[in-house]
Amino acid sequence: MASLKELKGRINSVKSTQKITKAKQMVAAAKLRKAQAAAEAARPYASRLAEVMGSLASKVAGQDNGPLLMRGTGSDKRHLLVVVNTDKGLCGGLNSNIVKEAKLQARALEAAGKTVTFYLVGKKGRAPIKRDYPNAIAENFDTSTVRTPGFDEASAIAREVIAMFEAGKFDVAHLIAPVFKSALAQDPVTTQLIPVPAPAATSEAGAVVEYEPSEEEILEELLPRYVTTKVFGALLEREASEQGASMTAMDNATRNAGDLIQKLTIQYNRSRQAAITTELIEIIAGAEAL
Amino acid sequence: MLHFELVTPARLVRSEEVHMVVVPGTDGEFGVLEGHAPFMSTVKDGSIKVYKSAGSTPEEIKVQGGFAEVGVNGLTVLAEHVEG
């Protein structure tokens, strides 16, 4: 049985932990709103870009001399997995779910006889992936230096990945990132990044579109931008997912701390009463003996 | 009136009805009025001039990188960066 002083100390320590988790929860809730708004604001650009890509791709599709980013290297031996993790912890199972998905994909690819390398964005994916694939990590991209990763970071990542592709370091790239569904559910999703999957052709009836410069040149310029937008979208989703997961995890932690405090308080009161009772018995027994 | 939209990755900057927009295309500036034929062009760094009505002084918006698309819905400019 712990002494009264020890119990008091534990109660106080749990109380201060609860204060921290509560504060973190409220911060996450506020940031979540912002992150969600940012993710929504980015949608028009992405959908417009996809539309334009669709109409262009349908024109260039089927040609063998299309841009490299679209037709790929012609092989699919070497795969690159771009895994987007968060930089900070305290967000429940989010990062371990992402890592789990990445490892699942990697194992499936390796079972099919392909080689896998990783491009890691965010700090929290590094250690767990390095443990299983110590030699397969091509690059780490640090997003923790800026407060909210924006389009500049996304284009830096996309530039590096495209440079690696053009240098012939891999054939196919997939992007593994969380998709924010709600504060309770953020599922990691794998999408193909390179070669850029040909979007469903939108058939614009009749209208002949003029291009300046040519279709091929526009497409050439568009594809890297498309990759960037994909990465940017992933970063925004990550931000929202992180805050959502953090909010839920901290809410649970706060509630657990509350339960624990209650239990400890009951225990504390019981032992205090027991101590008083023993003292009383001693006094009464002493009085009776006289 | 021409429906003009200016979109960046971060947000929808403009969505409004205007008279004419002059866009700095890679192969030269071009103006877009209502009923322009379907057209697509890359945009070089420079400023887009927005004419609210015929003969009014244009409002200039500096943009960096991107492309412009003219379709049945009007003009859409997708720019990487917009100043201001």
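Here, each number is a calculation from the coordinates, and none is a lab measurement. Everything numeric in this text was worked out from a predicted model, so none of it was measured. Note: ideal-geometry Cβ built from the backbone for every residue, glycine included; neighbour counts use all protein chains shown.
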For this session: With an 8 Å cut-off on Cα pairs and a minimum separation of 6 or more residues, tell me the relative contact order of region A:79-125 in percent.
Result: 66
Seminar exercise, completed: Rounded to a whole number, the mean other protein chain Cβ count within 10 angstrom for residues of A:150-163 is 1
Exercise. At a Förster radius of 45 Å, what calculated FRET efficiency corresponds to the Cβ-Cβ distance of A:Thr73 and A:Lys34, to the nearest 0.05?
Worked result: 0.65
Seminar exercise, completed: GNM on chain A, Cα springs under 10 Å; top mean-square fluctuation among A:Ile261, A:Ile276, A:Ile157 goes to A:Ile276
Seminar exercise, completed: So A:Glu110 and A:Asn97, fully extended at 0.36 nm per residue minus their Cα-Cα distance, gain in nm 2.7 nm
Exercise. So for the pair A:Ser214, A:Leu290, with labels modelled 7 Å out along Cα→Cβ, what separation do we get in nm?
Worked result: 11.5
Seminar exercise, completed: Per the helix-only model, the protein assembly as shown has a calculated mean residue ellipticity at 222 nm (DSSP H runs of ≥4, -39500 (n - 2.57) each, divided over all residues, rounded to the nearest 500) of -16500 deg cm²/dmol
Problem set entry | Lys/Arg +1, Asp/Glu -1 at C-beta; chain A dipole; positive extreme among A:Ala108, A:Val146, A:Gly89 | A:Gly89
Problem set entry | Ranking of A:Leu94, A:Leu68, B:Leu2, A:Leu223 by count of other Cβ atoms within 10 Å, fewest first | A:Leu68, B:Leu2, A:Leu223, A:Leu94
Exercise. Which distance in nm do the two modelled labels at A:Ile283 and A:Asp152 give, with both placed 7 Å along the Cα-to-Cβ direction?
Worked result: 7.2
Problem set entry | Mean separation of Cα contacts under 8 Å (6+ apart) over length of chain B, as relative contact order % | 31
For this session: Would you list, by chain and number, the aspartates and glutamates whose Cα falls below 16 Å from the Cα of B:Lys52, excluding same-chain residues fewer than 8 positions away?
Result: B:Glu5, B:Glu16, B:Glu17, B:Glu34, B:Glu60
Problem set entry | Isotropically averaged projected area of chain B, using the convex hull of Cα atoms (one quarter of hull area), nm² | 4.8
Exercise. Based on the mean of other beta carbon atoms within 10 Å per residue, what is the order of B:55-64, A:28-37, most packed first?
Worked result: A:28-37, B:55-64
Exercise. Using alpha-carbon pairs under 8 Å, 6+ residues apart, how would you state the relative contact order of chain A in percent?
Worked result: 32
Seminar exercise, completed: Per-residue average of other protein chain Cβ atoms inside 10 Å, peptide A:44-52 -> 5
Seminar exercise, completed: For peptide B:4-14, the mean count of other chain Cβ atoms within 10 Å per residue Cβ is 5
For this session: Could you work out how far helix A:43-60 tilts from the main Cα principal axis of chain A, as a 0 to 90 degree angle to the nearest 10?
Result: 30
For this session: Pull up the cross-link candidates among the lysines for A:Lys114, meaning alpha carbon to alpha carbon under 29 Å and not fewer than 8 places away within one chain.
Result: A:Lys77, A:Lys100, A:Lys103, A:Lys123, A:Lys124, A:Lys130, A:Lys169, A:Lys230
Problem set entry | Net charge dipole size for region A:1-97 [Lys, Arg +1 and Asp, Glu -1 on Cβ; Debye, nearest 20] | 780
Exercise. What angle, in degrees between 0 and 90 and rounded to the nearest 10, separates the Cα long axis of helix A:94-111 from the longest principal axis of the Cα atoms of chain A?
Worked result: 50
Exercise. Roughly how many Å is it from the Cα centre of region A:222-289 to that of region B:36-71, as a whole number?
Worked result: 56
Seminar exercise, completed: Counting only backbone N atoms under 20 Å from a point 7 Å out along Cα-to-Cβ of B:Lys44, the residues of region B:50-84 in range are B:50, B:60-70, B:77-83
Exercise. Exposure proxy check: A:Met53, A:Met26 ranked by fewest other beta carbons within 10 Å?
Worked result: A:Met26, A:Met53
